[in-house]
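Q: Below: one structure in C-alpha cells.
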Amino acid sequence: CQELAQLMGGKIEARSIPGEGSAFTFKVAMPTVAHDKQTPAERENGGAMFKGKVLVVEDDRISMLVIKQQLTKHGCEVQVAQNGEEALQLLSAEKFELVFMDCKIPDIDGYEITLRVRKEKHINKDTPIVALTADAFPETRKKCLDVGMNDYISKPISIKCLISTLSSFISRA
C-alpha cells in the first residue's frame, strides 16, 4: 500500500492503539475536473436522463422496487402493476411510452397481456413492451418476441442494459 501511495504521489500513515485498533490514512493529490453543465443526477447517471411515462408490470416486490428506483433515478415517471388485471386496466386507461413486462405474474401472465394489448383496441397497442424475466433461455426470448414484445431483458437488470433499453425506446430529457 505504501508503494502504491508513493507511486500516486501521496503517502500512507498508520496509527495503532493497543487494545483499541488501528487507523490507516491514505492521502494523494487528485486532479480537479472542470465543472460541466450537467445536473448532479445527470453526472451520477452518466448523463442518461429520460422523459416519459413507464409502466412496470412486476409481482415481485423487491424487483419492482429496484427497477422503479432506477427508472425514477433516470428521469422516468413510473407506474406499477402487480398483476395482469391491474396491468390491463392501466394499459386501457393511460398512455405509456414504454412497458416493462414480467412474463410470469399472477392471474394473467405477461405473454397473454401482450397478446391482448396488441390484438385489442388499447391506447397502448403500439407502445413498446420489453419483457422482464429471470429465464435467460433463447426459446423464452423467441416466445416474448413471437407474442409481440419488442425486446427482452433477463433479470437481474444491469444499469448499462437499462440505459440502453431506455435509449432505444424513449426520449432523452
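Q: Using only DSSP helix segments of four residues or longer, with each worth -39500 (n - 2.57), what per-residue ellipticity at 222 nm results for the chain after dividing by its residue count and rounding to 500? Could you put the intermediate results ahead of the total?
A: Details: 7 runs with 64 residues, N = 173.
Dividing the helical sum by the residues of the chain leaves -10500 deg cm²/dmol.
Q: Still on this structure, I have one more. Would you list, by chain and number, the lysines whose Cα falls below 30 Å from the Cα of Lys51, excluding same-chain residues fewer than 8 positions away?
A: Cα-Cα hits under 30 Å: Lys37, Lys68, Lys73, Lys95, Lys104, Lys119, Lys121, Lys125, Lys142, Lys143, Lys155, Lys160.
Q: Still on this model: How do 68-79, 160-171 rank on mean C-beta neighbours within 10 Å, highest first?
A: Numbers: 68-79: 17.4, 160-171: 15.7.
For the peptides 68-79, 160-171, the packing ranking is 68-79, 160-171.
Q: If you fit an axis through the alpha-carbon atoms of helix 61-73 and take the longest principal axis of the Cα set of the chain, what angle between them do you get, 0 to 90°, nearest 10?
A: 70 degrees
Q: Just checking my list (i) 22.8, 75; (ii) 18.4, 67; (iii) 14.7, 48 against Rg and Dmax of the Cα atoms in Å computed from this structure; which label fits?
A: So the structure-derived entry is (i).
Q: Can you list residues whose amide H is under 5 Å from Ala131's amide H, if they're 5+ apart or on another chain and H is modeled 1.01 Å from N?
A: Sorted by chain and number, the residues that satisfy this are Met101, Asn150, Asp151, Tyr152, Ile153.
Q: Of all DSSP beta bridges located in the chain, what percent are antiparallel, nearest 5?
A: On the way: 8 of 25 bridges.
So the antiparallel bridges in the chain amount to around 30 percent.
Q: Ignoring ligands, DNA and RNA, please state the percent of accessible area on the chain from carbon and sulfur, probe 1.4 Å.
A: Details: 5620 of 10510 Å².
Accessible surface attributable to carbon and sulfur in the chain totals 53 percent.
Q: If you don't mind, another one. For the stretch 164-169, just list the computed ³J(HN,Hα) in residue order, Karplus coefficients 6.51, -1.76 and 1.60, θ = phi - 60°, integers in Hz, with x standing in for Gly and Pro.
A: The phi angles translate into 4, 5, 4, 4, 6, 10 Hz.
Q: So how strong a dipole does the stretch 98-154 carry about its Cα centre when Lys and Arg Cβ are +1 and Asp and Glu Cβ are -1, to the nearest 20 debye? It would help to have the intermediate numbers written out before the result.
A: Numbers: 9 positive and 10 negative charges, 44 e Å.
I would put it at about 200 debye.
Q: Tabulate in residue order the Karplus-calculated ³J(HN,Hα) for the stretch 109-120, using 6.51 cos²θ - 1.76 cosθ + 1.60 with θ = phi - 60°, rounded to whole Hz; enter x for Gly and Pro.
A: 6, x, 5, 5, 4, 4, 4, 5, 4, 6, 8, 8
The values are calculated or read from the model by the stated rules, or taken from the named source; none is laboratory data. Everything quoted here is computed from the prediction, not taken from an experiment. Here the Cβ is made from the backbone with ideal geometry for all residues, glycine too, and neighbour counts use every protein chain on show. SASA here: full protein model, heavy atoms, side chains in, ligands and nucleic acids out. Shrake-Rupley method; radii C 1.70, N 1.55, O 1.52, S 1.80 Å.
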